[in-house]
């Protein structure tokens, strides 16, 4: 193959070896034979950094230059004595590098992850060429597409200026903060994708934003693509018009649509063509409506940890502004908000709410990390200014819900003056000190007052043996019952285990709440807690954080538990927030009922609080209803177009004439949403009246997010609504939407016209080497060059055919599909990955890709086989005194360092075997393997096969042993191979369990006595069922116990031979066993494997018993094993007190341990192999004595080499 690399190592300073531990010296992974001469030429490189705040970088900055025929320079470091890449700087560098001819493209990167870098352009002068590579974008992990590197194509034509005007519509609510990009297509070429950046906030409601972009001349403008990345907190953008001017030509585009993942067509970009007639000039915008201007003053004191996630709700005489996140409304969005001494300004668009009566402000902080000193707030609307004087600390460290405060404006405040004197004793503190004053009722308190300014206006200092006086204004609490005072320093000379110090313990008037919690009936649906609940009234009064606990674990699967708790009286509950803090488990909550003041209110959840399910939250806010719950019966038909099972959480919300249900998730104990399957659910929720419409969708959080939804039926209290959907809910298929709203007024949609035949795609199959790889990456990129054009570099994982796979793992065969116009005959590809940390090694094309082997050795360019000029190398490796168990790599260099072989993997000598990775729990992996390999024979030997352990892992045993067999059989059927594949199912003599006849044959009734045997019984009959239903060649081999030195050490035979070997080598004194008198028919695995193969070579599929026809007890096996080391065992005692001793020495070698007894024991198993002897012409060749002899000898050798093996 023909390959190109950049900077090749000289062997003296290797960066990292592929194998980090072996008995070879590892400081020289590549050993050069000769050091090549290195002819280089001078490149003049100019780099222009953008004029944005913090647009510079501290580097280092590297550049690689490529020619049209893919020659490349080494990794070039651009450096200077000072910091060259400052804001708005233009710097030139003279560097020497390999002569590649005329540059065509570059890859430039910087490695300072702590800063961003805005690159305007790069110019390269060499060989009388002056080529500009326009970037106009951030290389920043927090901006644009969040990459630190970029590939750019160059142009020799002078750059031109594009003046761009973008009008955001009045429909916009919040300011878009997702990166906006554009690409301009012309008659001669196209610009690169560039991002539209401004020093001032852009893309606000009803705003015209202007940009000037320098880029290459595309000729006459034909079309543009404009969109945003969807990476912000606000991703909904209403784009009204776009105007582009360049060299006298002007194109105008009327868009008038949402670019949003949730609104309109749910697309993030739009393509606009000049064929669309220019839009008339828009009417002058109406005068701006008044806004609420909010000024918030943060206290000028040190604050250890702050937050920008401050929320506010404003209550007026007519209506209210519901809780909003203030930073989304910041007037200057490049500021750090709520920092020490800050005066932050916000603008909120809202209809007039009347006279402002109060505000609630604060933040959520369950971890109790945040403390914020709120000094004051001003709100200006029209001609009115409302002032809120706070001077209080907000922090949950001071108590539950103390991170929120409700304040009235000054003119309506009933605050009074407090005179406070603080006397410090023998030790002082340099800290923020907080005071809270409580009245008769603990719901009447001051805020957390900051003791920071003394009576005389000076800064408070709490020195040793000092007295400090304050005049404070705060709410009148009536008769003072207690105070809390504390500080925020974690290390001082005060005891800090009680940062809030109560002075007196008040009487605590509370009322009783009766709380019922119903946990769902799903596997692992319980929680170990702790569980907390907060209860809120309509006027926003709330209880403290209530811990729901009991002596046992109350929140078990399907449990209903009642709690009597005492808490503040808030009146009638309206809503609750409930959470649990056990991140290791999930919790499915059906509902919560609260009884108080003769109210019985139900809060329906029907969802998981689980970081891996539903919306992945551990808390939820629920609104209550006094009406009795009703049952909704829901049927959902998934279409035949579905391929893999949807595993993204599916939700529904039902809207009626009187109210709506909460958003609930559709969960089932069995897999739902499979191809052409009807799934049924029963959901208990509030009565919405007559059903008006529903919303159904999924969260897009699974490995499989493509769902073809066919029909839905909803029944409730005699009414029934049916909806025909017939569309994809998918991020990639159909309309690329994850939800659909369905109304009863909408007539059933006609069946869609058959889709047009799919256009041809480029199908790329990549085989990763079947060798250990310490750290791999999924971020493999590829460029495909054809005779006419090329497919520019793309990230392969975005085009994976099966998007629930782990890509590029050991032995993987990964498949990708790329839609692209015809590029002609494929001439070469470049494949690899970026890895500045040198952590990754990936085996491709029988060569290693890794920057540990040298700069840019993570990329390779390859020609197709038919055009390759590869030759054969005969390589002999002779190992000296020390060897290595590792991946070994060879690279052969020619006269010029740019001419090398790839990093050849010395892994296969002659014949090789390909391993495929699958899981009996994963249907998709089995379908993929069987479809890819198209085997002629399948032997299903996979199982949890330990009988004793199956009692402890009963559910897992059933899933693997029973349903795993079904999944393989069904995969054969799905792949259309029922007539081509012969299937062998490894059945077991444990099916006979409590034996009904002796010996056992193919006609003996089954009587399983363990979860293992019961699971295998299902596997036996499902194999028979598929044989009869689908005419498959499927057989069961009822194999009696078959042993060998490879038997697992938790099986009794191997436990015996290992123990005997250790006793022989003086590594162990005694062997502990369970039932000694159980009898088994033991044969050698080598004989039984032959029988399995013979069963699939027959003309007619039949089931066979494979056995020796003789039985031996565990006691006999022990005696035979000890004979192999020259010891005779005699037995004394009975039952659990029985022991086995050496006959000659009386040393006890065997005793009974009850922990090895099974709950239900199988006493005797002996098989009748007559049918196999007659039809298969099979007989066992290895006797019981020789089997034991072989196993003991093998374990003695193993224990000699490694006693802990």
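The values are calculated or read from the model by the stated rules, or taken from the named source; none is laboratory data. Here the structure is a predicted model, which is why all the values come from computation and not from measurement. No Cβ is skipped: glycine too gets one built from the backbone with ideal geometry, and neighbour counts run over all protein chains shown.
Structure values in brief
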| item | result |
| --- | --- |
| Test: residue 220 is surrounded by fewer than 18 Cβ atoms within 10 Å (Cβ to Cβ) and either farther than 30 Å from residue 329 by Cβ or not assigned by TED's automatic domain parsing to the domain that holds residue 262 (or both) | yes |
| Which listed residue is closer than 23 Å to residue 743 by Cβ, under 22 Å from the mean Cα position of the chain (by Cα) and in contact (Cβ under 8 Å) with a residue 40 or more places away in the chain, from 681, 665 | 665 |
| The range 1126-1172: number of residues that are out of contact with any strand residue (DSSP E or B) (no Cβ under 8 Å at 6 or more places or on another chain), modelled with pLDDT of 90 or more and surrounded by 14 or more Cβ atoms within 10 Å (Cβ to Cβ) | 1 |
| Counted residues, the range 299-316 - those being over 13 Å from residue 363 (Cβ atoms) and at pLDDT 85 or above | 3 |
| Residue tally, condition farther than 11 Å from residue 295 by Cβ, in contact with a helix residue (DSSP H, G or I) (Cβ under 8 Å, 6 or more places away or on another chain) and buried (at least 20 other Cβ atoms within 10 Å of the Cβ), over the range 372-394 | 0 |
| The range 664-676 - residue that is assigned to a loop (DSSP other than H, G, I, E, B) and touching a strand residue (DSSP E or B) at 6+ places or on another chain (Cβ under 6 Å) and, of those, nearest to residue 604 (Cα to Cα) | 666 |
| Flag if residue 234 is touching a helix residue (DSSP H, G or I) at 6+ places or on another chain (Cβ under 7 Å) and surrounded by fewer than 18 Cβ atoms within 10 Å (Cβ to Cβ) | yes |
| The range 1005-1033, subset in contact with a strand residue (DSSP E or B) (Cβ under 8 Å, 6 or more places away or on another chain) and not in a helix (DSSP H, G or I), residue surrounded by the most Cβ atoms within 10 Å (Cβ to Cβ) | 1032 |
| Residue list for the range 53-77, restricted to those being surrounded by 18 or more Cβ atoms within 10 Å (Cβ to Cβ) and over 29 Å from residue 862 (Cα atoms) | 55, 56, 57, 59 |
| Any hit, the range 84-94, residues being assigned by TED's automatic domain parsing to the domain that holds residue 139, out of contact with any strand residue (DSSP E or B) (no Cβ under 7 Å at 6 or more places or on another chain) and on the phi < 0 side of the Ramachandran plot | no |
| Selection within the range 941-957 - modelled with pLDDT of 90 or more and buried (at least 19 other Cβ atoms within 10 Å of the Cβ) | 957 |
| Residue list for the range 774-800, filter: in contact with a strand residue (DSSP E or B) (Cβ under 7 Å, 6 or more places away or on another chain), without any contact (Cβ under 8 Å) to a residue 40 or more places away in the chain and outside any strand (DSSP E or B) | 796, 799 |
| Residue among 566, 588 that is crowded, with 19+ Cβ neighbours inside 10 Å and at pLDDT 85 or above | 588 |
| Leading residue by the ranking (modelled with the highest pLDDT) among those in the range 406-428 that are out of contact with any strand residue (DSSP E or B) (no Cβ under 6 Å at 6 or more places or on another chain) and within 16 Å of residue 360 (Cβ to Cβ) | 413 |
| The range 1122-1147 residues that are over 20 Å from residue 1061 (Cβ atoms), paired with ones that are surrounded by 16 or more Cβ atoms within 10 Å (Cβ to Cβ) (beta carbon under 6 Å, 6 or more apart) | 1130/1141; 1131/1140; 1136/1152; 1138/1152; 1139/1151 |
| Any hit, the range 630-650, residues being over 23 Å from residue 741 (Cα atoms) and surrounded by 17 or more Cβ atoms within 10 Å (Cβ to Cβ) | yes |
| Any hit, the range 504-516, residues being at pLDDT below 75, assigned to a strand (DSSP E or B) and farther than 30 Å from residue 588 by Cα | no |
| Top-ranked residue in the range 1034-1053 [being under 41 Å from the mean Cα position of the chain (by Cα) and outside any loop (DSSP other than H, G, I, E, B); ranked as surrounded by the fewest Cβ atoms within 10 Å (Cβ to Cβ)] | 1035 |
| Within the range 525-633, strands (runs of 3 or more DSSP E) holding 3 or more residues that are without any contact (Cβ under 8 Å) to a residue 40 or more places away in the chain | 546-548, 599-609 |
| Filtered residue count, the range 415-429, keeping only those that are surrounded by 13 or more Cβ atoms within 10 Å (Cβ to Cβ) and part of a loop (DSSP other than H, G, I, E, B) | 3 |
| Test for residue 275: is it at pLDDT below 80, surrounded by fewer than 16 Cβ atoms within 10 Å (Cβ to Cβ), touching a strand residue (DSSP E or B) at 6+ places or on another chain (Cβ under 9 Å) and more than 30 Å from residue 55 (Cα to Cα) | yes |
| Residue 1002 surrounded by fewer than 17 Cβ atoms within 10 Å (Cβ to Cβ), touching a strand residue (DSSP E or B) at 6+ places or on another chain (Cβ under 7 Å) and either at negative phi or outside any helix (DSSP H, G or I) (or both) | yes |
| Which numbered condition residue 1177 fails, given (1) in contact with a strand residue (DSSP E or B) (Cβ under 9 Å, 6 or more places away or on another chain); (2) modelled with pLDDT of 90 or more | (1) |
| Criterion: surrounded by fewer than 19 Cβ atoms within 10 Å (Cβ to Cβ), modelled with pLDDT of 90 or more and either part of a loop (DSSP other than H, G, I, E, B) or under 47 Å from the mean Cα position of the chain (by Cα) (or both) - qualifying residue of 1076, 1094 | 1094 |
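Here is a yes/no grid of residues against (1) under 36 Å from the mean Cα position of the chain (by Cα); (2) within 19 Å of residue 792 (Cβ to Cβ):
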position	(1), (2)
70	no, yes
114	yes, no
122	no, yes
135	yes, yes
